[in-house]
Each structure stands twice: as structure tokens, then as C-alpha cells.
Amino acid sequence: MLFNKNKKKYRAIKLYSLFGDQDGIDRDALVNSILKVFETLFHEMPDEFDIHGPYGIKKGTTVKFSTFKSKLEKIGHEKYYALEGETAGKFGFRLLFNAKLARGTYTELIVWYSKVEWTIEFKEVVKLVMDALSLSSGYEIEIEEGCDIQTESKIKRGLFGGISLKVSYEHLQWILGDADGAIRAIYEHNVWNEKQLQGVLKHSPEINNERIGNLFYVQKNA
């Protein structure tokens, strides 16, 4: 994503299926549920799509919605490792499957949008995708224009127009402690498994939570 000089704020809903939970992912249903997010909450589809894998899309290019759908219908959902869709500067999604991190793997879904142009309910996104994603945990954060939404690292521009990105992966280290109930932080909006919730309740018994499917929605106290 390219940014202009007038910095904007983006909200990024980051949802994860971790380790063995990924065995429950239904790719076909997940794509349909992501598209449902844009249909019902944004009321429009992203302008551009990409399929990372052997789907006949040249690297660095994108396709329109009709081509995106037809390629998935023709080739199926088994061969891609990532999907993306966006309307530049407004909203979009990124879906990455079976990414390696030290030991084990994770799948990450990011739904992002401009704060100025949209107000999207975190819980509504979670409800639409959680079953197909086999959701383990997630949260919503704010990211400033000029940072990559997926890695959260600053995008550096060279003198001759090139860009570079140095990724530390520090924002993913909490995943390695998920089995012990680790969380990244308590954000304004969170969805946790029971072990994560119980771990936080030991230190913050007043925290508000409600069940959402087999997980718990937690809103940070004001």
C-alpha cells in the first residue's frame, strides 16, 4: 500500500488461528465469510485482489473481483498461501496461511480500514469469520499511515523512489506463549481463548468479558 503525505489512521482487526487450531480452517467458507464482511459491514467490495500461488496472476499485479472469484472457482482453494483485497487508502484484507514462527505455524487474517471513512464493529467481524477461520485469538489496533499494516514496521522511502521494509516480528512473539495463555496486550477490543482470559483475570478481575462462540470478547476498561 502506498501512502501520501497527509497521514491517516487505520484500524486493523488482527485474527489468528494458531498451531493445531488451523486443522479446522475451511478455506472455501473462510473466503466467503470475508467477502460477507465487506458486503454487509462495508457495503462494497475491494477494488483490487491478489492470489498468492499458481493462479496465473503476475507478481506485482492485481485482478478485479470477478476474476478473483472465477480463478478460485476454477482452480480451487488448496494451492494458495495468501490472499489480499483492497481499495487503496480506504479498506481491505490480508489472509496468510501456515506462516512459520520459530516452532509451529499460524494463520493470520487482517481486516483494515480508514478511521475517517468507516466505523466497523470488531465483534461483528469476529462473528462472521470465527468458525471458518477456526479462530484462536485476536485484537484490534490502530496503525498510522506510513507503516505496513501486516508487519507494523515503518516503510522507508529511498531518494530515488524505492521503498524498503525491515521486519522484526516482535509483534508476533506472544504467539509462542499462547499455550500458556500469553497475550500481546490488552487492547480496546480483544477476543481470547479461556486460558488467556483466566490468566488476565488473575491480575485484573474487573475486566469486562462476554462469551462469543467458544471464545471471549474483552473490551478494555475506560
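The values are calculated or read from the model by the stated rules, or taken from the named source; none is laboratory data. Not measured: the values here are computed from a predicted model. Every residue, glycine as well, gets a Cβ built from its backbone with ideal geometry; the counts of neighbours run over all protein chains shown. Accessible surface is based on the protein model in full, side chains and every heavy atom, while ligands, DNA and RNA are left aside. Shrake-Rupley method; radii C 1.70, N 1.55, O 1.52, S 1.80 Å.
What the Cα atoms of segment 33-79 give is an Rg and a Dmax of 11.4, 31 Å.
Fully extending the segment from Thr67 to Glu142, taken as 0.36 nm per residue of separation minus the present Cα-Cα distance, adds 23.8 nm.
Taking a straight line from the alpha carbon of Lys100, these lysines sit under 27 Å away, with near neighbours fewer than eight places off in the same chain left out: Lys14, Lys58, Lys59, Lys71, Lys79, Lys127, Lys154, Lys156, Lys166, Lys195.
Each Lys or Arg adds one and each Asp or Glu subtracts one; over the other residues with Cβ under 14 Å from the Cβ of Leu215, this totals -1. When you filter the trypsin sites (Lys or Arg not before Pro) in segment 5-79 for DSSP loop state and at most 14 other Cβ atoms inside 10 Å of their Cβ, you are left with Lys5, Lys7, Lys58, Lys59, Lys64, Lys79. By accessible area, using a 1.4 Å probe on protein heavy atoms only, the chain has 49% of its surface on carbon and sulfur. Accessible area per residue for the chain, computed on protein heavy atoms with a 1.4 Å probe, is 53 Å².
Bridging of Lys64 to lysines at a Cα separation below 19 Å is possible for Lys36, Lys74, Lys90, once same-chain residues fewer than 8 apart are set aside. Taking each DSSP H run with n ≥ 4 as -39500 (n - 2.57) and averaging over every residue of the chain yields -5500 deg cm²/dmol at 222 nm.
Between the labelled values (1) 18.3; (2) 19.6; (3) 18.9, the entry that holds Kirkwood radius over Cα pairs in Å as derived from this structure is (1). The calculated FRET efficiency for the pair His77 and Glu206, based on their C-beta separation and a Förster distance of 35 Å, comes to about 0.20.
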